[in-house]
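Report on the structure given below.
The values are calculated or read from the model by the stated rules, or taken from the named source; none is laboratory data. Source: prediction; values computed, not measured. For neighbour counting, all protein chains shown are included, and Cβ atoms are generated from backbone atoms with ideal geometry for every residue, glycine included. Surface areas here come from the heavy atoms of the whole protein model, side chains and all, with no ligands, DNA or RNA. Shrake-Rupley method; radii C 1.70, N 1.55, O 1.52, S 1.80 Å.
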Amino acid sequence: MRAGDVVRTASATVGALRWEPKGPADFVSDADRESERVLAQVIAERHPTAALIAEEGSPRAASAQLTFVADPLDGTTNFLHGFPWYSVSVAALVDGDQVAAAVLNVPTGELFTAVRGAGARRNGQPITVSNIHEPARALLGTGFPFKHREGIEPYMRVLPRLMAQVAGLRRAGSAALDLCDVACGRYDAFWEYRLAPWDVAAGILIVREAGGLVTDLEGKPAPVAHGPIVSGNPVMHAWLLEQLKVSS
C-alpha cells in the first residue's frame, strides 16, 4: 500500500513534521496530507470515475456507483508521539455497500483485508472473531472522546460497570485497528460512541466477514456514517449492547 509507505517513511523523521490542530486534541500533519494525496492519486489512476471520501477532504468527482472511503492516517496522535499503533484504512463501496476493505497496521506491517462474501484475512490468512462468551474472560476495546468533550460523561457512567465485570479494557487509539482486533479475536468486543465514516468503513466489513457483528446502539446494522459503533463476536456483542443500554 503506497500510502502506508508514505506514513512509514515519515515516522522516521516525525519530529521534523509540521502538524497543526483541527480542533481540540485533533491534529493533522504533513504525513496525513501526503498519504491522502497518494491514495487519491492511486484511485484516480485505477478508477477515474470513482468518488473519494477521506478525512482530510480530498476533492474527487462523485459517482453513484463506486466510492472509496479512506483514512490516510488513523491514529494521528499516536503517530506524532511515536506510539506504534496507527493505520491506513480504505474501503470500496458500490451503491453504498462495502464490497472490499483493507487496513494496514503501519508499524507492524499487518494487513487486514476483506471481500464481501469471501471472508476476512490477516496477511493473507483467514481470521475469525473470538469464541470467548464469558464477560469475566473478555477483553474489550473502546475509544475515549477527545474532539467532543461533552461525550465524556456517558463514558464515566458505563466504565465502572464494565470494568467490574470483564478481564480487561483497552484504548489503543486507532478505531480502524480496534475493529480489526475484534475481527482477529484479540478483542472480544469494542464500542465507541462517536466515530466518522472513514474510521469505520473498512473495519465494519472486516469484522462482519470474520463472523462478528457491528451495529449502532439500538442493535441495527452500523452504516458508513458518523455515529456510534458496537462490535464483537455475537455473544459478547449482545452482552455489551445490553450493558450500554442499562448505563445510558
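May I ask you to verify whether ASP32 is assigned to a helix (DSSP H, G or I) and either under 20 Å from GLY4 (Cα atoms) or modelled with pLDDT under 95 (or both)? Before you say what the answer is, go through the steps one by one.
Numbers: assigned to a helix (DSSP H, G or I): yes; either under 20 Å from GLY4 (Cα atoms) or modelled with pLDDT under 95 (or both): yes.
Here the answer is yes, as ASP32 does meet what is asked.
Working only within the range 135-152, note down all residues that are out of contact with any Asp or Glu (no Cβ under 9 Å at 6 or more places or on another chain) and at pLDDT 95 or above. Break it down stepwise before answering.
Keep residues of the range 135-152 that are out of contact with any Asp or Glu (no Cβ under 9 Å at 6 or more places or on another chain), which gives 136, 148-152.
The answer is ALA136, and nothing else.
Selection of the range 157-171 for residues being open to solvent by less than 30 Å² (accessible area, probe 1.4 Å) and over 17 Å from ARG194 (Cβ atoms) yields LEU162, VAL166, GLY168. Apart from one condition, VAL214 fits all of (1) open to solvent by less than 10 Å² (accessible area, probe 1.4 Å); (2) assigned to a loop (DSSP other than H, G, I, E, B); (3) not acidic (Asp, Glu); the exception is (2).
Before we move on, is TYR187 in contact with an Asp or Glu (Cβ under 9 Å, 6 or more places away or on another chain) and not charged (D, E, K, R)? Against the criterion (in contact with an Asp or Glu (Cβ under 9 Å, 6 or more places away or on another chain) and not charged (D, E, K, R)), TYR187 qualifies. With respect to the conditions (1) modelled with pLDDT of 95 or more; (2) open to solvent by less than 70 Å² (accessible area, probe 1.4 Å); (3) not basic (Lys, Arg), VAL115 falls short on a single one, namely (2). MET156 - would you say it is at pLDDT below 95 and over 22 Å from the mean Cα position of the chain (by Cα)? It is true that MET156 is at pLDDT below 95 and over 22 Å from the mean Cα position of the chain (by Cα).
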